[in-house]
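The values are calculated or read from the model by the stated rules, or taken from the named source; none is laboratory data. Keep in mind the model is a prediction, meaning the values are calculated, not measured. Reconstructed Cβ throughout: ideal geometry from the backbone, glycine too, with neighbour counts over all protein chains shown. Ligands, DNA and RNA are excluded from the accessible area calculation, which covers all protein heavy atoms including side chains. Shrake-Rupley method; radii C 1.70, N 1.55, O 1.52, S 1.80 Å.
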Amino acid sequence: MAECVAVLTGAGISAESGIPTFRGQSDAGALWRNYSPEQLATPEAFERDPRLVWEWYDWRRGCVARAEPNAGHRALAEFERRCAATGRRFTLITQNVDGLHDRAGSRQVVKLHGDLWILRCLSCGREERDERVPLDPLPPRCDCGGLQRPAVVWFGESLPAREWACASEVSATARMFLVIGTSGVVYPAAGLVEIARQSGARIAVVNPEPTPLDARADWLFRGAASEVLARLL
Ligand code: BV8
Ligand code: ZN
C-alpha cells in the first residue's frame, strides 16, 4: 500500500491569515456581537433569525476575502506535491469553511463542514458559488425565490456523507496523521484522530496550546502552524 499521509486542519491554521478562530484565546475571535459560534451556527438560529445569522457569515466572508493563505497553508500544498512526486497518497481533511487551502494550491481537500462561498437554496436545493462581499440583499435569495443558506454544516446537522466516508477511509489507512490547528472538541471530526491511531498511524499534533488530542500524539509540536510546518517540510 503506497504510504498514505493524512492531515486534519482546524481554524488554527487560518489564524495567521487573520481569520478569528472559534474558541481562540483572544475573545475577539470567538465572539461576534457577543454571540458564540454555537449560538449562531445552528438550524434553529437560522430559522429564528436568518438575517442575523447571515450578517455573521457575511462578516466572516469579508474577513476571508481580505485574507491571504499563510505559510502553513502553502507548506501543506507543497507537502501534497512532494507526496505525489514520490508516489505517496496525501489527503487534506479540513474542518474549515474558508477555502484558504484551495487558494494555497492544495488539490485533495476534503471539506467536512462545507464551504462559506457556496449558497444552498432551502426551496429547490440548488447550490451555487457566490463570492460577492458584501452580499446584497441579506438574506440572499435563489432565482426560484427561495431563501438561501450558507452551504456549511451547522451544529446538530450531519456531515456530508461522501466527505465523511472519504475522511474515515483515509484516516483508517494513513501511516502518518498530522493534526494541525484544531482544539479537538468538535465531533465527529475530532474522532478521526482516534480512527487513525487505532489503525496504527503515527500521530503528530501541531498547536501552540494544549488540546485533548495531545494524549494521542506520538509527536507534539508546541508552536504556530506556519513555523512548524515550514520546519517539518
Ligand atoms: C453532529 C461549520 C449529529 C460552520 C462547524 C448537542 C447538540 C447537538 C450536537 C452536539 C451536542 N453536543 C455535542 C454535539 C456534537 C457537535 C459537537 O461536537 N459540539 C461540540 C461544540 C461539543 N457536533 C455536531 O453537531 C456535528 N454534527 O454531531 O450531528 C448528527 C448525527 C447523525 C445524524 C444527524 C445529526 C456538526 C459539527 C460541525 C459544526 N460546524 N463549522 C461554520 O464554520 O460556520 S464547527 C466549527 O468548529 C468549525 O468548523 C471549526 O473548524 C470547528 C472546530 O473548531 P476548530 O477548528 O478546532 O477551531 P477552534 O477555534 O476550536 O480551535 C482553534 C485551535 O487552533 C486552538 O486549539 C488554537 O490553540 C489553535 N491555534 C491558534 N493559532 C494557531 C493554532 N494552531 C496552529 N497555528 C496557529 N497559529
Ligand atoms: Zn431555489
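Charge dipole (Cα centre; +1 on Lys/Arg Cβ, -1 on Asp/Glu Cβ; no other charges) of the chain amounts to roughly 540 debye.
With every protein chain present, what is the per residue accessible area of the chain (1.4 Å probe, Å²)? It would help to have the intermediate numbers written out before the result.
On the way: 11010 Å² over 233 residues.
With the other protein chains kept in place, the chain gives 47 Å² per residue.
Using only helices, what value at 222 nm comes out for the chain when you add -39,500 (n - 2.57) per DSSP H run of length 4 or more and divide by the total residues, to the nearest 500 deg cm²/dmol?
Numbers: 10 runs with 83 residues, N = 233.
That comes out to -9500 deg cm²/dmol.
Cβ-Cβ distance of residue 199 and residue 131, R₀ of 41 Å, FRET efficiency by 1/(1 + (r/R0)^6): the value works out to about 0.60.
Taking every DSSP beta bridge that has both residues in the chain, what percent is antiparallel when rounded to the nearest 5? Write down the numbers at each step before the final one.
Values: 10 of 32 bridges.
If I count the DSSP bridges inside the chain, around 30 percent turn out antiparallel.
Let me check against my output: what whole-number percent is the relative contact order of the chain, with C-alpha pairs under 8 Å and at least 6 apart? Mind showing how you got there, number by number?
Numbers: 427 pairs, mean separation 54.5, N = 233.
Relative contact order, the chain: 23 percent.
Per the Debye calculation on the range 1-81 with a single equal scatterer at every Cα and no solvent contribution, log₁₀ I(q)/I(0) for q = 0.12, 0.15, 0.20 Å⁻¹ amounts to -0.47, -0.66, -0.95.
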